[in-house]
Structures are given as structure tokens and as C-alpha cells.
Amino acid sequence: MDEILGAKKLAQKIIQTAQKKEPVVIFADADLDGISAAVILKETLEILNPGYKKKGIKIYFPNREKDGYGITISALEILKKYAPAQFFALDCGISNIKEVEIAKKLGFSVSIIDHHQILDGKLPKADVVVDLLQKNETYPFKSFCTAGLMYRLMKPILDSSLLKWEPERFLELVALATIADMMPLEDENKIMVDQGLNALKYTKRTGLKALKDVTKLIDDDSTEVSQKIIAPLNSAEKSGHLTETYILLTSESRREAIVLSRALIKQNLEKKKRVQEIVGEVEERIADKNNIIVFEGDRNWPTIMIGVVASKICNRYKKPVFLFKIGKDESVGSVRPPRGCDGVKAMASCKSLFLGYGGHALACGCRIKNSNMEKARVALEKYFIKNPCQKDE
Ligand SMILES: [Mn+2]
């Protein structure tokens, strides 16, 4: 079987870290994929060394609204007091060349486990990098979400440790994250999602049991699971540097889990309502423009919602969609082009206009100075005139 690039090095690192019970920082994206990957790594370390249950692992989810996406200088400023430590960046980090350099200088040993695109073929100088989109990667299946990739990487370590562990505990999270991240349900993903949805029926996780009870999940097909389980888990608000979803998934208190489940369901309903409103605002603005791309921004659109809105607009109008949360001097954008197009390539074609950009071909994002917005709109329109998206069917 082909070996995933960096897997062996990561395995050695995890085993050594656990043996010596080195301090660990887990830095993960705050969506369901990043959170699930963080839970899998944390629980793997706890299985390998139960001493971690008491202390030794610091979990940190960046605040997209305040800090932006990925590893940021402001987050490192907060985390530097934990150095020296093993720093694991999950579901982010692959485009943080400068930030990884700073993290290393602060005394962190950095490992990146990510599934986002590598920009210009340049990797951050981390101690370990696992990303299946690396150029010399030979592993045939490339469409894992980060939680799926994490499971795939941790399984052989746990198997060879001869310790008792239950794959179902992780597979249920992999299933939720794979569906939430809209990864293709084929090949290894299909196997893990099937196993994971089945595991969810008999889950021993207090938080998932509570959420299932509160939402009255009866059918365990992926549509019902998406609406009743994944949507609330993906609408968590921040709770300090943790998220309510993380607290729910790792909670051992039924009472706490019920309270959190109700809160998440409420937030999901409010989020849905707000998303509908913003979709309406965007549609009103583009009603009499007949542009080749949708390119809109607003000071009042929350960063965490523009991705969902962009997906809806893109599905409806079959055009590349760029939506921005306008900030004081710079703005954060969510990008969703129709199938067959590549949003990352589009931004790469005019990359000097962006402060940062990255992600997946069909779901990506950027940061841009407000003064460059108009230039970017013109450049992106030109790009999509030259590289039209194939029409579905
Ligand atoms: Mn992800």
C-alpha cells in the first residue's frame, strides 16, 4: 500500500511526544472538520498517554471574525507562553509560510496536517507536513477531509500500540466532517462515511447522544444527519478559544451536553435566517447587473456566513461568486465557483492584489486591501472571460 508523504515522520513524532508527554498545542480551524480532527488527535494522545487527560494539551481555535483564517500572528502572540511545545496545525497552516517561521522561532516544533491547496508549490518550513496535494505525493486517494486524513494517519499508530481503542469513536466524527466539508463520497471516504454513520447509531459520545436525543434523530441517512446533527455542529459560536461544538463533542456530562445541544440548535436556526436575509440582499444587488461573476461586499455580513451564502448564490446562478465582509482597511472574501472552475487558480492569476488567498478549487477565500477591491473585480472578470466555467449538463 502506498505511504502518505510525511505519515511516517508524523507517527514517530506522535509516539515520541506521547512517550515523553511533551506539551502540545493543537491549533485547528474552527469548522466541524477542524474541530473533529482536533478531537481525534487529542484523544489519540490521551490513549497513548492517559496522563494527557489531566494536562499537557492546549487546544486553540482561531476566531475567523477577529483573527482571520489559519495561523495568525495574533494567535501566536497568545500561544507563545506554551512554547517550547509540539504545535499541530490541523485543517489550516499549509499557506502560512511566514507564520510557521515565527512559530518555530518562538520554540514550537510545527506539524501541519491539512488538505488545502499548496500555493505556488511552496511549503512552510514545518517539521512535518502532511497534505495530499504535495507535488511528489504518490498516495492515490486525495479527497480526504482533515478529520478523515487524521484518522487515516492515527489508525496505524494506535493499532501498533496494542492499546485498547475504538475506531468507531473516531469514524463517527470522520463521517460528520466528510459530509460537512462536502468531500466526494467515493473510495476511502465512502467506506469511512458508511462505517461512521453506522457508528453514530451506537455512539458512546455523551455529546452526540444528547444532540441526537434533542433533535430526535430517527433516520440515520446522510440527509437527516446533515440537517439535524451536522448543521448545528457547524454553527457553533466561539467560547473563549474553544468552540461550543468542541466542548459538546468532548463533554462527559449529559447535563452540559443537553444545554449545549439546545444552544447549537438555536444558533443554527438564527444562522439560517440571517443567511436567507443576506442571500436576498445579494440577489437584489445583482438583479440588474449581468456580470460574468458575482462580486459583492458589505460591512454587516458576518465572515462565518458569507461562505454559505456564496454557495447558495453560486448554485442558483452558476457563476463564480466572490462575497466579502468589508472591514476597516481590509476585507475577507469567500469564493465559490461552479464545478469545473478553480477559484484558487483565478486568484493566483492576480495574486499581487491579495494579502492572502487559498483553499480548495470550489471553496476558497482571501484577504484583500479595500483599495484593491475594484482592481481585483476587473482582473477576476478578465480571468473568467478567458477561462469560462463549463456549464453543468
Ligand atoms: Mn477542512
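The values are calculated or read from the model by the stated rules, or taken from the named source; none is laboratory data. On a predicted model such as this, the values are computed, not experimentally measured, just so you know. Neighbour counts run over all protein chains shown; Cβ positions are idealised from the backbone, glycine included. Keep in mind that these areas ignore ligands, DNA and RNA; they rest on the heavy atoms of the full protein, side chains included. Shrake-Rupley method; radii C 1.70, N 1.55, O 1.52, S 1.80 Å.
Some observations on this one:
- Rounded to the nearest 20 debye, the dipole magnitude of the chain is 940 debye, with +1 charges on Lys and Arg beta carbons, -1 on Asp and Glu beta carbons, and the Cα centre as origin.
- Residue-normalised accessible area of the chain, given per residue in Å² at a 1.4 Å probe: 47
- Cα-Cα pairs of the chain separated by more than 42 Å (percent): 9
- Here's how it looks for D29: its modeled amide H is under 5 Å from those of L90, C92, which are all 5 or more places away or on a different chain.
- For the chain: relative contact order, % (alpha-carbon pairs under 8 angstrom, 6 or more apart): 12
- Using the rule -39500 (n - 2.57) for each DSSP H run of four or more residues, divided by the residues of the chain, the 222 nm mean residue ellipticity is -14500 deg cm²/dmol.
- Accessible carbon and sulfur surface of the range 286-333 relative to its total accessible area, %, 1.4 Å: 47
- A cysteine counts as unpartnered when no other cysteine's C-beta lies under 4.7 Å of its own; in the chain this applies to C92, C145, C314, C350, C364, C366.
- Radius of gyration and Dmax over the Cα atoms of the range 176-217, both given in Å: 11.5, 33
- Dividing the mean sequence gap of close Cα pairs (under 8 Å, 6+ apart) by how many residues the range 273-393 holds gives a relative contact order of 21 percent.
- Where Rh is the Kirkwood radius over Cα pairs, Rg/Rh for the range 7-164: 0.94
- Using the Cα coordinates of the range 289-386, the gyration tensor eigenvalues translate into equivalent-ellipsoid semi-axes of 18, 16, 12 Å, sorted from longest to shortest.
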